[in-house]
Amino acid sequence: MSAAARGKELSGIPSCPRCSSQEIWKSGRNSAGTQQWRCKTCDRIFVVEPYLKADIRLITDRMLNARMPVPEIAKILEGFVSRRWIYSRRGELNV
């Protein structure tokens, strides 16, 4: 295989978010069906595109800023976010 062909192959491979290594391999799929990758260097398992969409994050942030109770937000967004994630997001926003 030529160097140019090898370079094109590597461009489609993501890099590790922890150590930035490109020495990774496929590691199955998570419960949401997203492809998981495992880094050969630091052994971290990660996904390239997290399942949480930007609009869901924006809606959650607006509900938290409006001081809605976390259990109510979790009930409205059931299947998209967990109650645990909402509590951690509330801590990040200092609401």
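Under a Cβ-only charge scheme (Lys and Arg +1, Asp and Glu -1), can you give me the dipole magnitude of the chain about the Cα centre, in debye to the nearest 20?
Working: 17 positive and 9 negative charges, 26 e Å.
My answer is approximately 120 debye.
Over the chain, what relative contact order in percent results from Cα pairs under 8 Å that are six or more residues apart? Present the calculation step by step, with values, prior to reporting the outcome.
On the way: 88 pairs, mean separation 14.8, N = 95.
Relative contact order for the chain comes out at 16 percent.
Accessible area per residue for the chain is 73 Å², calculated with a 1.4 Å probe on protein heavy atoms, without ligands, DNA or RNA. Of the peptides 29-38, 80-89, the order by per-residue mean of other Cβ atoms within 10 Å, starting with the highest, comes out as 80-89, 29-38. For segment 59-69, backbone phi angles converted through the Karplus equation (6.51, -1.76, 1.60; θ = phi - 60°) give residue-by-residue couplings of 4, 4, 4, 5, 5, 5, 5, 7, 6, 6, x Hz, Gly and Pro being listed as x. Working note: 222 nm ellipticity from helices only, DSSP H runs with n ≥ 4, each -39,500 (n - 2.57), summed and divided by the residues of the chain, gives -12000 deg cm²/dmol to the nearest 500. Relative to its Kirkwood radius, the Cα radius of gyration of the chain gives an Rg/Rh of 1.14. Taking a straight Cα-Cα cut-off under 16 Å and skipping sequence neighbours fewer than 8 places away in the same chain, the aspartates and glutamates within cross-link reach of K40 are E23.
Taking every alpha-carbon pair under 8 Å whose residues sit at least 6 apart, segment 25-65 reaches a relative contact order of 26 percent. Ignoring aspartates and glutamates fewer than eight residues from K75 along the same chain, the ones with Cα atoms less than 18 angstrom from its Cα are D55, D61.
Given a 1.4 angstrom probe, I'd like the percentage of the accessible area of the chain that is carbon and sulfur, rounded to a whole number.
Details: 3480 of 6950 Å².
Roughly 50 percent of what the probe reaches on the chain is carbon or sulfur.
The values are calculated or read from the model by the stated rules, or taken from the named source; none is laboratory data. Quick caveat: nothing in here was measured; it's all calculated off a predicted structure. Ideal geometry is used to build each Cβ from the backbone, glycine not excepted, and the neighbour counts take in all protein chains shown. Heads up: the accessible areas ignore ligands, DNA and RNA and are worked out on the full protein's heavy atoms, side chains in. Shrake-Rupley method; radii C 1.70, N 1.55, O 1.52, S 1.80 Å.
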